[in-house]
Every structure is written in C-alpha cells, then in structure tokens.
Amino acid sequence: MKNKIKQIAQLVYKSKYAVVMTGAGMSVESGIPPFRGTTGIWTKYGKPKLDSFSDFKKNPTKWWDDRRNLTIDKHIIELRESLTKAKPHDGHYSLARIEKARYIKSIITQNIDGLDLVAGSKNVIEIHGNRKRLRCLECNNRIDLEEYIPIYAPDPCEFCGGTVKFDTVLFGEPIPKDIMKSSRHEIDKSDLIIAVGTSATVRPASGLLWIAKSQGAKIIEVNIEKTKLTAISDYYIKSKAKSFFVNLEDELASNSNH
Ligand SMILES: [Zn+2]
C-alpha cells in the first residue's frame with residue numbers, strides 16, 4: 001500500500017493535468033448508502049423501475065407532493081435521511097487540500113451530496129447534479145437551496161418559465177448539456193485520471209474514463225474490489241476512498257519538502 005501510494009504520488013508530480021473522478025465509494029464513508037452492492041439500498045428494498053424522469057415529466061406537481069408527503073419509495077426516504085446527516089470525511093478535506101496545492105486540477109463526481117464543495121474543493125463538476133440545488137429543465141438555471149428537502153413545489157423558472165426540478169439527474173434523464181461539456185473538457189485536458197470508489201457502470205459518466213484512456217491518459221483505479229475499469233487501468237489500488245486521499249496527501253506533502 002505504502003509503495004503504491006509513493007508510485008501514485010510520482011505519477012501525480014509528473015502529470016500536467018490530473019483529474020479525480022469519484023463515485024459512491026467516496027460518499028459511503030460519510031454515511032450515504034450506495035444503490036448497488038451488499039450494503040446498497042436497492043439490495044435492501046429492491047431495485048426500482050429506472051424511469052423516474054418520465055414519472056416526473058408526466059406530473060411534476062404530483063411528484064413534488066409525493067416527496068412532501070413521503071409517499072415515495074423507502075429507499076429514497078433512507079437516502080435523503082442519510083443526506084441530511086452527512087458531513088465530509090477526512091478524505092474530502094485531504095482532496096480539497098490536494099486540489100488547492102494544484103496537484104490535481106479538477107474533480108468530477110457522480111455523487112449528489114455536495115460534500116466536495118462543503119469540504120472546500122473548488123473546481124468540482126457534479127455530473128449527476130447536487131441535491132441541494134434546483135435546476136430549470138429548459139435553461140439550466142440553478143438555484144441553491146439551504147437544505148435537501150424543499151417544503152413546497154418550486155415555482156416555474158423566473159428567467160424562462162420552464163419546469164424546475166431537483167438538480168439531481170433522475171433515471172432516464174439526460175446529463176445537462178453544460179455539465180457534459182465541461183466534464184468532457186476536463187477529460188480532454190487530462191493526462192492522469194484517479195478514479196476513486198466508482199464501479200464504472202453508470203453511463204455516460206463511466207464512458208469518460210474510456211475516452212480518457214483512448215486519448216492516452218493514465219488511469220489509476222482506487223477501489224475496494226476490482227471492477228470493469230480494472231482492465232483499462234494502469235494501476236489498481238485496493239483501498240477505501242478516505243484512507244487513500246489521506247495517505248496521498250501525506251505522501252505529496254512529505255515529498256514536496258525534499
Ligand atoms: Zn429557465
């Protein structure tokens with residue numbers, strides 16, 4: 001482990017544009033359950049029909065009412081309770097300091113909890129949205145909420161009159177164009193990707209890793225088990241997210257003094 005962290009630190013030093021990509025494994029250690037796997041909320045409550053976006057579009061008012069009245073799937077209730085309690089862990093703070101020191105240039109996260117921003121990371125692309133925000137479906141205008149649970153259905157967009165929903169990308173909903181574009185821009189610039197705690201199964205986010213690889217970027221996979229991504233990764237480290245970032249920060253800091 002220690003040796004591998006040293007190797008990774010060397011790759012980070014040598015890179016011109018290192019990008020971190022995080023998945024559910026990063027949030028698990030803040031108490032947010034994943035969908036998949038043995039501790040996943042789909043495993044516990046059953047996998048829902050993955051068509052929540054068409055449900056929303058059919059009747060947005062009912063959709064919001066269901067959320068206020070808790071007439072929603074149990075797994076959603078558990079997820080949002082965990083979100084309201086979640087705080088960044090040491091790994092989020094280490095990652096924020098690694099970014100501040102310019103060792104890595106940006107973070108693309110599949111997580112919706114906004115914890116990277118709470119921890120102080122700056123150049124963060126939340127590819128599946130942020131649960132503390134609303135977004136207009138027409139013009140992508142985003143509105144910051146102070147909490148995860150609005151107590152009333154939002155008004156139509158003040159700029160264009162479009163339908164407003166959670167910024168979070170629902171199943172069946174396309175990734176907003178502005179987000180897809182900025183993610184792709186980061187991937188195109190990157191020569192090193194550190195993918196942490198992602199099972200690399202959710203498209204199109206996972207596809208970015210294959211694009212990066214095809215453009216010559218090195219891929220480092222950090223995960224508790226091997227995934228589809230392992231086959232195209234240049235390095236695999238078996239580690240949880242928190243200890244990985246804490247160890248990487250220590251290693252980068254100790255080398256920079258020499
Ligand atoms: Zn709008």
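The values are calculated or read from the model by the stated rules, or taken from the named source; none is laboratory data. Just so it is clear, the structure is predicted and the values come from calculations on it, not from any experiment. Glycine also receives a Cβ, built like all others from the backbone with ideal geometry; neighbour counts cover every protein chain displayed.
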Exercise. Hey, Ile193 hits all of (1) away from the ligand (no atom under 16 Å from the Cβ); (2) within 15 Å of the chain's Cα centre (by Cα); (3) in a loop (DSSP other than H, G, I, E, B) but one; which does it fall short on?
Worked result: (3)
Problem set entry | Sole exception among (1) outside any loop (DSSP other than H, G, I, E, B); (2) more than 30 Å from Asp55 (Cα to Cα) for Ile179, by number | (2)
Seminar exercise, completed: Selection from segment 167-181 of residues more than 13 Å from the ligand (Cβ to nearest atom) and surrounded by fewer than 16 Cβ atoms within 10 Å (Cβ to Cβ) yields Phe171, Gly172, Pro174, Lys177, Lys181
Problem set entry | Filter result (part of a helix (DSSP H, G or I) and within 14 Å of Val164 (Cα to Cα)) within segment 45-64 | Phe53, Phe56, Lys57, Lys58, Pro60, Thr61, Lys62, Trp63, Trp64
Exercise. Is segment 232-252 home to any residue that is of a type in the set (S, T, N, Q), surrounded by 16 or more Cβ atoms within 10 Å (Cβ to Cβ) and in a helix (DSSP H, G or I)?
Worked result: yes
For this session: Would you be able to say whether some residue in segment 39-62 is in contact with a Ser or Thr (Cβ under 8 Å, 6 or more places away or on another chain), under 30 Å from Ala253 (Cβ atoms) and touching a residue at least 12 places away in the same chain (Cβ under 8 Å)?
Result: no
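Evaluate segment 36-43: report whether one residue or more is more than 30 Å from Phe245 (Cβ to Cβ) and loosely packed, with under 13 Cβ neighbours inside 10 Å. Talk me through it step by step, then tell me what you get.
Kept after step one, since they are more than 30 Å from Phe245 (Cβ to Cβ), are these residues of segment 36-43: none.
No.
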Exercise. Does segment 79-95 include one or more residues that are within 20 Å of the chain's Cα centre (by Cα) and at positive phi?
Worked result: no
Exercise. From the set of residues in segment 110-150 that are of a type in the set (Val, Ile, Thr) and without any contact (Cβ under 8 Å) to a residue 40 or more places away in the chain, which is surrounded by the most Cβ atoms within 10 Å (Cβ to Cβ)?
Worked result: Val124
For this session: Identify, by number, the condition in (1) surrounded by 14 or more Cβ atoms within 10 Å (Cβ to Cβ); (2) away from the ligand (no atom under 16 Å from the Cβ); (3) not acidic (Asp, Glu) that Ala101 doesn't meet.
Result: (1)
Exercise. What number of residues within segment 199-248 satisfy the criterion of being within 22 Å of Gly129 (Cα to Cα) and polar (S, T, N, Q)?
Worked result: 3
Exercise. If you check Ala200 against the conditions, is it more than 16 Å from the ligand (Cβ to nearest atom) and either among the aromatic types (Phe, Trp, Tyr) or assigned to a loop (DSSP other than H, G, I, E, B) (or both)?
Worked result: yes
For this session: Could you figure out which of (1) at pLDDT below 90; (2) exposed (fewer than 14 other Cβ atoms within 10 Å of the Cβ) isn't true of Thr84?
Result: (1)
Exercise. Could you list, in sequence order, the residues of segment 229-244 that are out of contact with any strand residue (DSSP E or B) (no Cβ under 9 Å at 6 or more places or on another chain) and of a type in the set (S, T, N, Q)?
Worked result: Ser243
For this session: Answer yes if at least one residue in segment 212-219 is in a helix (DSSP H, G or I) and surrounded by 13 or more Cβ atoms within 10 Å (Cβ to Cβ), and no otherwise.
Result: yes
